Amino acid sequence: MTREKTSFVYVTYIASTPEKVFDAITNPKIARQYWGHENVSDWTPGSKWSHIRDNDARTVQIVGEVVETTPPNRLVITWAGASEADNPDSYSRVIFEIDPHENGVRLSVSHIELEAGSGMAEGVSEGWPLVLSSLKTYLETGNGFDMSGCSKAA
């Protein structure tokens with residue numbers, strides 16, 4: 001039996017450059033500033049990536065594989081909870097599209113192939129708006145939100 005899938009698409013406009021937005025997503029030191037996590041990989045297609053909580057335990061929360069990378073405009077990754085890493089059916093896909101737009105960029109994040117009604121679908125539906133707002137704020141002001149107490153910041 002095939003499980004029902006769901007998808008989410010989020011779009012925001014940021015007063016920045018495509019290069020800075022792409023770097024903010026892929027550079028662990030920058031991601032820590034607005035996400036409270038580090039996205040760690042060499043960002044080569046086929047490479048593994050990890051989403052590591054910036055805490056004393058350095059907890060790996062999300063894992064996946066880099067599917068496509070076209071800096072500074074596109075990044076496609078697979079996404080699964082670390083505890084589900086051995087289950088191929090648990091993986092969803094995240095597509096970051098970064099396009100110049102007037103005086104900044106249009107960032108579109110599509111999180112697709114999520115199991116409908118799952119804890120992951122619920123978490124990302126709340127987490128992405130918070131993370132993207134913090135990213136926008138960080139790039140425009142130099143200060144992201146304090147994500148240390150946010151459980152939904154995936």
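FYI, it's all coordinate maths here, none of it is from the lab. What you are looking at is a predicted structure, and each value in this text was computed from that prediction instead of being measured. Ideal geometry is used to build each Cβ from the backbone, glycine not excepted, and the neighbour counts take in all protein chains shown.
Region 80-154 and region 3-27 have Cα centres lying 7 Å from one another.
In degrees from 0 to 90, rounded to the nearest 10, what is the angle of the helix 119-141 Cα long axis to the longest principal axis of the chain? Long axis of 119-141 versus the principal axis of the chain: about 10 degrees.
Computed from the C-beta positions of residue 27 and residue 6 and an R0 of 30 Å, the FRET efficiency is 0.50 to the nearest 0.05. In the chain, helical runs assigned H by DSSP with n ≥ 4 each contribute -39500 (n - 2.57); averaged across all residues and rounded to the nearest 500, the mean residue ellipticity at 222 nm is -8500 deg cm²/dmol.
Ranked by how many other Cβ atoms sit within 10 Å of their own Cβ, fewest first, the residues 77, 14, 30 fall in the order 30, 14, 77. In this label model, residue 122 and residue 137 are separated by 2.5 nm, measuring between points 7 Å along each Cα→Cβ vector.
Residue order for 91, 10, 34, fewest other beta carbons within 10 angstrom first, comes to 10, 91, 34. Taking the chain as the region of interest, the number of lysine pairs whose Cα atoms are within less than 23 Å, with members eight or more places apart or on different chains, is 9. In plain terms, the chain from residue 42 to residue 113 could stretch by 23.1 nm, reckoned as 0.36 nm per residue minus the Cα-Cα distance.
Can you give the relative contact order of region 5-141 as a percent, counting alpha carbon pairs under 8 Å and 6+ residues apart? Once normalised by length, the contact order is 30 percent.
Scanning the chain for GluC sites (Glu not before Pro) in DSSP loops with at most 12 neighbouring Cβ atoms within 10 Å leaves 5-101 as the longest stretch between them.
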